[in-house]
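The values are calculated or read from the model by the stated rules, or taken from the named source; none is laboratory data. Everything numeric here is computed off the predicted structure, so don't read it as measured data. As a convention, Cβ positions derive from the backbone with ideal geometry for all residues, glycine included, and neighbour counts pool all protein chains shown.
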Amino acid sequence: QPQIILLKEGTDSSQGKPQLISNINACQMVSDAVRTTLGPRGMDKLIVDNNGKSTISNDGATILKLLDIVHPAAKTLVDIAKSQDVE
């Protein structure tokens with residue numbers, strides 16, 4: 001039986017090794033945003049949103065909440081981190 005897959009127009013349907021590399025790179029970017037806030041010598045991050053509002057924080061959950069993530073794998077990683085923060 002043939003599979004029928006309906007995707008929105010313009011959806012990236014890449015597969016294989018290039019997609020895996022893209023997923024890894026996106027997740028590494030998310031971890032890089034939080035990594036330097038960890039530990040006893042953790043640093044604060046300054047985040048400025050599109051409206052010009054600035055936030056200074058060293059809390060990983062706050063930083064991830066303020067980031068505008070569009071990559072699906074990175075968004076999943078952020079959602080997992082948010083669910084851990086709730087518990």
TODO: Select, from VAL34, VAL48, VAL70, the only residue that is touching a helix residue (DSSP H, G or I) at 6+ places or on another chain (Cβ under 6 Å) and either at pLDDT 85 or above or basic (Lys, Arg) (or both).
DONE: VAL34
TODO: Could you name every one of the helices (runs of 4 or more DSSP H) located completely within segment 12-87 that has at least 2 residues being without any contact (Cβ under 8 Å) to a residue 60 or more places away in the chain and loosely packed, with under 12 Cβ neighbours inside 10 Å?
DONE: 17-35, 72-86
TODO: For SER54, state whether it is touching a strand residue (DSSP E or B) at 6+ places or on another chain (Cβ under 8 Å) and small (Gly, Ala, Ser).
DONE: yes
TODO: May I ask you to say which residue of LYS75, LYS82, LYS53 is basic (Lys, Arg) and over 14 Å from the mean Cα position of the chain (by Cα)?
DONE: LYS53
